[in-house]
1. Across the range 117-139, which residue is surrounded by the fewest Cβ atoms within 10 Å (Cβ to Cβ) among those that are closer than 23 Å to residue 259 by Cα and at pLDDT below 75?
2. Could you give every pair whose Cβ atoms fall below 7 Å, whose first residue belongs to the range 133-146 and is under 14 Å from residue 14 (Cβ atoms), and whose second residue is hydroxyl-bearing (Ser, Thr, Tyr) and part of a helix (DSSP H, G or I), counting only separations of at least 6 or pairs across chains?
3. State yes or no: is residue 210 closer than 30 Å to residue 338 by Cα and either surrounded by fewer than 19 Cβ atoms within 10 Å (Cβ to Cβ) or at pLDDT 95 or above (or both)?
4. If you take the residues in the range 305-334 that are among the charged types (D, E, K, R) and assigned to a helix (DSSP H, G or I), which one is surrounded by the most Cβ atoms within 10 Å (Cβ to Cβ)?
5. Would a scan of the range 354-375 turn up a residue that is surrounded by fewer than 19 Cβ atoms within 10 Å (Cβ to Cβ), of a type in the set (Gly, Ala, Ser) and in a helix (DSSP H, G or I)?
6. Would you check if there is a residue in the range 180-196 being within 22 Å of the chain's Cα centre (by Cα), loosely packed, with under 15 Cβ neighbours inside 10 Å and either modelled with pLDDT of 85 or more or not β-branched (Val, Ile, Thr) (or both)?
7. Does the range 269-278 include one or more residues that are assigned to a loop (DSSP other than H, G, I, E, B), modelled with pLDDT under 90 and within 28 Å of residue 54 (Cβ to Cβ)?
8. Which of the residues spanning the range 88-104 are surrounded by fewer than 18 Cβ atoms within 10 Å (Cβ to Cβ) and of a type outside the set (S, T, N, Q)?
Amino acid sequence: MDSSIKSNIWKMYLFGFFRSLHFMGGVLVPFYTIWAGLSLTQVLLIQSWFMVWIFILEVPTGAVADYIGRKGSILISGFFGVLAPIVYTIAPNIMFFLIGELLWALSFSLISGAGDALVYDTLKQIKKEKESKKVFGKTHSSQLAGIMIAAPIGSVIAQTIGLRETMLFMALPIAIAVIISLTFKEPKATEELEKRYFKILKEGVIYFKNHKTLRVLATDFIFVGMIAYFTLWFYQPKLMNSGLMLGYLGSVHAILVLVEIIIMNSYSSFERVLGSKKRLIFISSLIPGVFLVIAGLVSYLPLLILLIIIAGGLSFGRRPLMQNYMHKYIPSDKRATVISSVFMMQTLVLAVMNPIVGKLADWSLNNTFIILGVAALIFTFISKIEEDILLD
C-alpha cells in the first residue's frame with residue numbers, strides 16, 4: 001500500500017507541471033488591454049469578480065475535499081479548468097470573461113487546499129512528513145517549471161498567431177492533468193474523519209480562528225502574497241511602457257519563475273547562511289519592498305527587468321515556505337478546510353484592493369510600484385513572526 005500511495009508524490013509533480021502550462025503567463029495583461037481593449041481598473045475589477053467567487057467557494061470546496069476525498073476534488077477541479085479558457089475565448093466580451101472567471105474560481109478553489117492536503121497526508125502515511133518542506137518545494141517547482149516553459153511559448157503564439165489563441169491552447173495541457181489525476185491514490189487521514197459536511201466546515205473554520213500562531217503565519221502569507229500578486233499584474237505594462245516588445249515578455253516571465261524555483265529549492269541553504277529561519281522570512285519581504293520602490297523610480301529597461309525578476313522571485317518564492325510552516329499547526333482531518341480558510345481571507349483582501357490599486361495604476365503606474373514597495377517595507381518591520389514558531 002505504501003509504495004502505491006508513495007506514487008502520489010511524483011504524480012503530483014507531473015500533474016502540477018501540465019496544469020501550470022499557462023501560455024498566457026507572459027502576455028496576460030496585453031490579452032486584456034490589447035485584445036479586449038480594457039483599462040487596468042477594468043482588468044482588476046474582473047479579477048475582483050474572480051476573488052469574490054473564490055471567497056464564496058473556498059471553504060465549501062475545502063470541506064468538499066475533506067468530505068469526498070482529495071482525489072475527487074482535484075479531478076473536478078481539472079474539468080472546470082479545461083472549460084474556462086474555452087469559454088473565455090468565445091469573444092472579447094466581458095460577459096464571457098465573467099463566466100470564464102467563475103469557472104477558473106471553481107477550478108482553483110477545488111484544488112487550493114486539496115492538492116497540498118493530499119501530498120501532506122501521503123507523506124504522513126508513509127511516515128516521511130519531516131520531508132514536507134522539500135516535497136512542497138518540489139511540488140511548487142514542478143508547477144513553476146510548467147509556467148516557465150509555457151511563458152516564452154505563449155509570447156511566440158501571441159505574436160505569430162494571436163492573443164486569443166494563446167488563451168485557448170491552455171485547455172490541452174489541463175486536460176492531460178485531468179487524466180493524471182485519475183491515477184491518484186486517496187491517502188488515509190491520520191485522524192478519524194466524520195464525513196458530515198457542515199461539521200467539517202464548522203470545525204475547520206473555528207480551528208483557524210482560535211489558533212494564534214496560525215493566524216500570525218497566515219497574516220504574513222496573505223500580505224506578502226498580495227504584494228506579489230500586484231507585482232505580477234503590473235510588471236508587464238511597466239516593461240512595455242519602458243520599451244519591451246510583446247514577444248519578449250514571456251522570456252522575462254520565465255526568468256522570474258526560474259528565480260522563484262531556485263529560491264524555493266534553497267530554503268535550507270539560505271537558512272544556514274543567514275543563521276535563522278526568521279531572518280530568511282524578514283529578508284524575503286524586505287528586498288522586494290526596496291526593489292519595488294526603485295522600480296517605480298526608474299525606466300532604464302535592463303535595470304527594471306532585474307528589479308522585477310528579483311522582487312517577484314523572492315516574494316513568490318516564500319509562498320510554499322509559509323505554507324509548510326502553517327501545515328505544522330493543522331491536524332489532518334481539518335487540513336484542507338483550514339488551508340482553504342486562509343486562501344479565502346487572502347482572496348477577500350484582494351477583492352477589496354483590486355479596484356483601488358487598479359485606479360492607482362491607471363493614474364500612475366510608477367507611483368503604484370512605489371506605494372506597493374513602501375507597504376511591503378512597513379509590514380516587514382511590524383511582522384510578529386518569531387523564530388520559535390517556525391517548525392521543521
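The values are calculated or read from the model by the stated rules, or taken from the named source; none is laboratory data. What you see is a predicted model; the values in this text were computed from it and never measured. Here Cβ is always computed from backbone atoms with ideal geometry, including for glycine, and neighbour counts include all displayed protein chains.
1. Among those residues, the one meeting the criterion is 131.
2. From the range 133-146, the pairs are 138/13; 139/13; 142/13.
3. Here the answer is yes, as residue 210 does meet what is asked.
4. Top of the filtered list is 334.
5. Yes, that holds for at least one residue.
6. no
7. Checked against the condition, which is being assigned to a loop (DSSP other than H, G, I, E, B), modelled with pLDDT under 90 and within 28 Å of residue 54 (Cβ to Cβ), the range 269-278 yields no hits at all.
8. Once the filter is applied, which keeps residues that are surrounded by fewer than 18 Cβ atoms within 10 Å (Cβ to Cβ) and of a type outside the set (S, T, N, Q), the range 88-104 yields 90, 91, 92, 94, 95, 96, 98, 99.
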